[in-house]
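Engineer: Sharing a structure here in structure tokens format.
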Amino acid sequence: MATSHSWQSGTALLMALGITTGAVAPLIALPAQAQTAFSDVQSNYWAAEFIDELSDRGVIRGFPDGSFRPNDPVTRAQFAAMLRQAFDRNPTRNAVNFRDVPSDYWAFSAIQEAYTTGFLSGYPNNVFQPGQNIPREQVLVSLSSGLNYTVNGSSATAVSVYRDASSISNFAVNGVAAATQKQIVVNYPNVEFLSPNRSATRAEVAAFIYQALVSTGQVASVDFALHRRSSGRCPPRPPKPSRFHAARFSPFAMPMMPTRSTSRRKNPNPFP
């Protein structure tokens, strides 16, 4: 796609953000046309590709009625279950017994693993709050921590691409900055707003986790953003497998990664 197409505020519905030499690098590509596996995820839904790919890998699952409920919030326990399905990391610290996570709790093993591998931590007084909806900034901090992301340069500069950067909690600034530089941040519908304290939805968590898998080389890069041509019509996306041509709006773009490898599937909860 030529860069001469007319772009207006709100036209680019989704962008994966990247930082290089202090500049924002939006990555643009084509929207989905293939059918999805879930009744409530339309083929042109902004996160359809992320959801479909992670469903194929067994990282996320739908509900008995065939729905995915992409706008539902994700709890800390559910996020731990997703992490367990997505990443195979070695422990970096000893397990702890959280007072509010009994051994017979459905996500006990997933929470223990998320803690020992450095993805998630507890709260004071040795509680985990498994039923708490997880904020977007906490998801990004978790992925940065568990995958050992580091910030290249100034964290303040990295997060300055977001208009609401001042809303990022102090503890989360470095993690969000590193996640931004690793291009795992996906903002919809406005790329300029991170909404760090809002509860992450199932669709958003799918997008974050998929981009994190790209960063580790476990899956091919989707690196797409929904957009419209000046006519208002979206061109079709090439079919699978998972290597997509991306029409890029910036000279800096994420490299295509190797095709996805088989992931372990522990499935501690039928509806993560």
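Engineer: With only Lys, Arg, Asp and Glu charged, each at its Cβ (+1 for the first two, -1 for the last two), find how big the charge dipole of region 15-215 is about the Cα centre; round to the nearest 20 debye. Write out the running numbers ahead of the final one.
Structural biologist: Values: 13 positive and 15 negative charges, 89 e Å.
It comes to approximately 420 debye.
Engineer: Taking 22 Å as R0, compute the FRET efficiency from the Cβ-Cβ separation of D164 and Q132 and round it to 0.05. Spell out each step's value before the answer.
Structural biologist: Values: r = 22 Å, r/R0 = 0.98.
Calculated value: 0.55.
Engineer: Using the Karplus curve 6.51 cos²θ - 1.76 cosθ + 1.60 with θ = phi - 60°, work out ³J(HN,Hα) for each residue of region 41-47 in order, rounded to whole Hz, and write x for Gly and Pro.
Structural biologist: Each residue's phi maps through the Karplus curve to give 10, 5, 5, 9, 5, 4, 9 Hz.
Engineer: Nearest 0.05, what FRET efficiency do D100 and A37 give at R0 = 45 Å with Cβ-Cβ as r? Intermediate results must be reported in sequence, preceding the final value.
Structural biologist: Numbers: r = 34 Å, r/R0 = 0.75.
Approximately 0.85, to the nearest 0.05.
Engineer: Give me the distance between the Cα centres of region 56-107 and region 131-192, rounded to whole Å.
Structural biologist: Their Cα centres are 21 Å away from one another.
Engineer: Using the 2.2 N^0.38 Å rule of thumb for compact globular proteins, work out how region 15-215 stacks up: its C-alpha Rg over that value, please.
Structural biologist: On the way: Rg = 16.6 Å, N = 201, 2.2 N^0.38 = 16.5 Å.
Ratio of Cα Rg to 2.2 N^0.38 Å: 1.01.
No value in this document is a laboratory result; all are computed from the given coordinates. Values in this document were obtained by computation on a predicted structure and should not be read as measured data. Counting neighbours? That spans all protein chains shown, and the Cβs are built from the backbone with ideal geometry, glycine included.
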